[in-house]
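Quick notes on the structure that follows.
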Amino acid sequence: MDTLPTEQIQSGEDVFLLESIFANVSDAILVVDDAGWIITANTALEQMTGWTKEELIGKKHICELCLGMATCMEDSTCADCFFKQVQMPSFEMRLRTKDGREHPVAASSAQLPAESKGKLVMIIRDMSVQQKTEKERHQHKLTHFAIQAQEEERKRIARELHDGVGQALYSILVGLNVIGQENLNDPIKQHVNDLLQMTAKAMEEVKRMALELRPSALDDLGLLPAVRSLMKRVEKSFHIQVELHVQGERRRYSTAVETALYRILQEAMTNTAKYAQATKLGIVFEDREKEIVLTIVDDGIGFDVGQAMKEGKGLGLFGMKERAQLLGGTVDIRSAPDDGTTLIVRIPLPKEGTKDDDSRADR
């Protein structure tokens, strides 16, 4: 095989060592002559570009692989090319692959000693995985901020509904009650009674909307009291028997954990009520010190999880998974047609992840 040019090889052992490093290192290495033609390359470059050594050595110019160096001004440019420099310890470039794709890479280059007649060695590291990881990290951060902003907006609107619209409706209700006590003729008295009923119904609707947006119990009392309140509303509205079993210590958790678990449970219960045709819903909440495990089981008609995801009908499922993933947790959904649905949520609890661990809410 072609070997990396070296100064004064001391022994066969040295040659073997250098050839072994050259062949097995994970970074791509190539050497070009003073005109830019590739004169040797290692296996990693073959894997990265898709070209074989036979297709590269003596047949490919470095400019056929390089789509330009990245700069702060341009995505790719040939200005101040590394080939014009004696040494460039680190730079980014776009590598062209055999199938025409652009591959983001980090590279370094150096001119070999004078006796090599201007040959240049390049070391190239694949950056696609790193860029993908960075993109996912950025997306993760954006999602976190979006959910956080959404919860703050929900809280604000719920407060305004309760303190603004709710109080205004209550004042109207009081005023109508006062008017109803007057000596009115029957048609007017009936009209006032109708208005009283409409106002009372509007108040109930405002109260329901505020609870759906952000239950005050979640902030004031904690997760489990808010869950119990949600259970009562589901039982009343959808006539489903809901049971809650709590295992382990009962305590307050961080706002992020409590909000995520409440929203996941709310989504799961809403889905059960609307689509599962269930009569019973069981919830098991386990505090295992280092993690919370929330299990939700219904006796409904079930569904094909994979098919729902594929057809884009599982937006609520995606939302639950995303909330859990933001906290380093998981959501496992198990279901099949005519076999009910089981949802298992796991949220890790770091030592500093709880707030006011000694506080106990009235559950």
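The values are calculated or read from the model by the stated rules, or taken from the named source; none is laboratory data. It should be emphasised that the depicted structure is a prediction, and the values quoted were computed from it without experimental measurement. Virtual Cβ from ideal backbone geometry, glycine too; neighbours counted across all protein chains shown. Ligands, DNA and RNA are excluded from the accessible area calculation, which covers all protein heavy atoms including side chains. Shrake-Rupley method; radii C 1.70, N 1.55, O 1.52, S 1.80 Å.
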Exercise. Please calculate the 1.4 Å probe accessible area of GLU160, with all protein chains present, and give it to the nearest 10 Å².
Key: 100 Å²
Quiz item: Once the Cα atoms of helix 167-180 and of the chain are each reduced to a long axis, what angle between those two axes, in degrees from 0 to 90 to the nearest 10, is obtained?
Solution: 10 degrees
Quiz item: Considering amide H positions built from the backbone, and no H for Pro or chain starts, which residues 5 or more places from LYS60, or on another chain, come under 5 Å of its amide H?
Solution: ILE38
Self-check item: Per residue solvent-accessible surface (Å²) - the chain, probe of 1.4 Å
Solution: 59 Å²
Quiz prompt | For the range 105-180: relative contact order, % (alpha-carbon pairs under 8 angstrom, 6 or more apart) | solution = 19 percent
Self-check item: For peptides 151-157, 327-333, 36-42, sequence by mean Cβ density within 10 Å, most packed first
Solution: 36-42, 327-333, 151-157
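If you take the Cα atoms of the range 247-355, find Rg, then find the Kirkwood Rh from the mean of 1/r over all pairs, what is Rg/Rh?
0.99
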Quiz item: Sorting ILE62, ILE188 by accessible area (1.4 Å probe), largest first, what list results?
Solution: ILE188, ILE62
Quiz item: Which whole-number value in Å³ per residue fits the convex hull of the alpha carbons of the range 197-317?
Solution: 131 Å³
Practice problem: Note down the net charge around VAL331, summing +1 for each Lys or Arg and -1 for each Asp or Glu among other residues with Cβ under 12 Å from its Cβ. | Solution: +2
Self-check item: Descending semi-axes in whole angstrom, ellipsoid equivalent of the range 90-173, from the Cα gyration tensor
Solution: 62, 12, 7
Practice problem: Would you mind calculating the relative contact order of the range 137-286 from Cα pairs under 8 angstrom and at least 6 residues apart, reporting the percent as a whole number? | Solution: 23 percent
Quiz prompt | Charge dipole (the range 139-254, unit charges on Cβ, about Cα centre) - positive-most of ASN193, VAL206, LEU224 | solution = LEU224
Quiz item: HN-Hα J couplings of the range 280-289 from phi, Karplus 6.51/-1.76/1.60, θ = phi - 60°, integer Hz, Gly and Pro as x?
Solution: 9, 9, x, 10, 10, 10, 10, 9, 9, 6
Quiz item: Does anyone have the angle between helix 186-213 and the longest principal axis of the chain? Alpha-carbon axes, 0 to 90°, nearest 10?
Solution: 30 degrees
Self-check item: Under-5 Å amide H pairs with LEU349, H placed in peptide plane, nonlocal only
Solution: GLU291, ILE292
Quiz item: Largest first, what is the accessible-area ranking of ARG263, ARG159, ARG250 with a 1.4 Å probe?
Solution: ARG159, ARG250, ARG263
Self-check item: For the range 240-247, 3J(HN,Hα) per residue [Karplus equation, 6.51 cos²θ - 1.76 cosθ + 1.60, θ = phi - 60°, Hz, x = Gly/Pro]
Solution: 10, 7, 10, 10, 10, 10, 10, 10
Self-check item: Between 0 and 90°, nearest 10: helix 315-326 axis offset from the chain longest Cα axis
Solution: 70 degrees
Quiz item: If you take all C-alpha pairs in the range 179-250, what percent of them are over 15 Å apart?
Solution: 69 percent
Quiz item: When Lys and Arg each count +1 and Asp and Glu each count -1, what net charge do the other residues less than 12 Å away from THR143, Cβ to Cβ, add up to?
Solution: +2
Practice problem: Before anything else, pin down the relative contact order of the chain: Cα pairs under 8 Å, at least 6 apart, normalised by residue count, whole percent. | Solution: 10 percent
Quiz item: Which whole number in µm²/s is D for the chain by Stokes-Einstein, with the Kirkwood Rh taken over Cα pairs at 20 °C and 1.002 mPa s?
Solution: 80 µm²/s
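State the percentage of accessible surface on the chain attributable to carbon and sulfur atoms; use a 1.4 Å probe and exclude ligands, DNA and RNA.
Answer for the chain is 53 percent, counting heavy atoms of protein chains only.
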Exercise. Provide PHE145, PHE303 ordered by accessible surface of protein heavy atoms (probe 1.4 Å), highest first.
Key: PHE145, PHE303
